[in-house]
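Novice: Attaching a single structure in structure tokens format; questions to follow.
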């Protein structure tokens, strides 16, 4: 949620537990200026603040449980794979997210795995583990 102010278009959380998936969309409503959950249309014509996910929507690197967070930026043209303004760029420009997360956390609790995709949209794209500063 801390990323919300840099991503008013939203943060989409997609989570799976015991193989079942659900999503929410946290955003800043442009009409009210308030942050909250976006109402999502459901297949039956109704809407809700969460929606089930089909098995086909689960990424290969997510097993029976896990969460994917998608940052949507300020607007649809915002490229959230690029480092934010003022981020350190020392030639490892494409590795900024992994570096940031490793410096933000000392270590993760047992049973928690964090991974970040690097070099998004390139042939060198890969998902890399984030372990924290203690490693």
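The values are calculated or read from the model by the stated rules, or taken from the named source; none is laboratory data. Quick caveat, the model's predicted, so the values are computed rather than measured. Positions of Cβ are backbone-derived with ideal geometry, glycine not excepted, and every protein chain shown enters the neighbour counts.
Novice: Can you tell me how many residues within the range 51-77 are part of a loop (DSSP other than H, G, I, E, B) and surrounded by 15 or more Cβ atoms within 10 Å (Cβ to Cβ)? Walk me through how you get there before you give the answer.
Specialist: If we filter the range 51-77 for residues that are part of a loop (DSSP other than H, G, I, E, B), which is where we start, we get 54, 58-65, 72-77.
Checking the rest, the ones that are also surrounded by 15 or more Cβ atoms within 10 Å (Cβ to Cβ) come to 58, 62, 72-73.
Going through the range 51-77 one residue at a time, the tally reaches 4.
Each row is one residue, and each column tells you yes or no for (1) touching a helix residue (DSSP H, G or I) at 6+ places or on another chain (Cβ under 9 Å); (2) assigned by TED's automatic domain parsing to the domain that holds residue 4; (3) on the phi > 0 side of the Ramachandran plot.
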residue	(1), (2), (3)
32	no, yes, no
43	no, yes, no
69	yes, yes, no
112	no, no, no
121	no, no, yes
126	no, no, no
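Novice: Okay, next question. Being buried (at least 18 other Cβ atoms within 10 Å of the Cβ) and out of contact with any strand residue (DSSP E or B) (no Cβ under 6 Å at 6 or more places or on another chain) is the filter here, so list the residues in the range 17-33 that pass it.
Specialist: Listed by number, the list holds a single entry, 27.
Novice: While we're on this one: How many of the residues making up the range 37-47 are surrounded by 13 or more Cβ atoms within 10 Å (Cβ to Cβ) and in a strand (DSSP E or B)?
Specialist: Of the residues in the range 37-47, 2 are surrounded by 13 or more Cβ atoms within 10 Å (Cβ to Cβ) and in a strand (DSSP E or B).
One line per residue, one yes/no per condition, for (1) at pLDDT 95 or above; (2) not assigned by TED's automatic domain parsing to the domain that holds residue 117:
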| position | (1), (2) |
| --- | --- |
| 5 | no, yes |
| 40 | yes, yes |
| 49 | yes, yes |
| 52 | yes, yes |
| 56 | no, yes |
| 59 | no, yes |
| 62 | no, yes |
| 86 | no, no |
| 90 | no, no |
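Novice: I've got another one for you. Within the range 88-110, is there a residue that is in a loop (DSSP other than H, G, I, E, B), surrounded by 14 or more Cβ atoms within 10 Å (Cβ to Cβ) and under 16 Å from the mean Cα position of the chain (by Cα)? Please lay out each step first, then the result.
Specialist: The initial filter retains those residues of the range 88-110 that are in a loop (DSSP other than H, G, I, E, B), namely 88-92, 105-110.
Within this subset, residues satisfying the condition of being surrounded by 14 or more Cβ atoms within 10 Å (Cβ to Cβ) are 105, 108.
Adding the requirement that they be under 16 Å from the mean Cα position of the chain (by Cα) leaves none.
Within the range 88-110 (the criterion being in a loop (DSSP other than H, G, I, E, B), surrounded by 14 or more Cβ atoms within 10 Å (Cβ to Cβ) and under 16 Å from the mean Cα position of the chain (by Cα)), the answer is no, since none of the residues qualifies.
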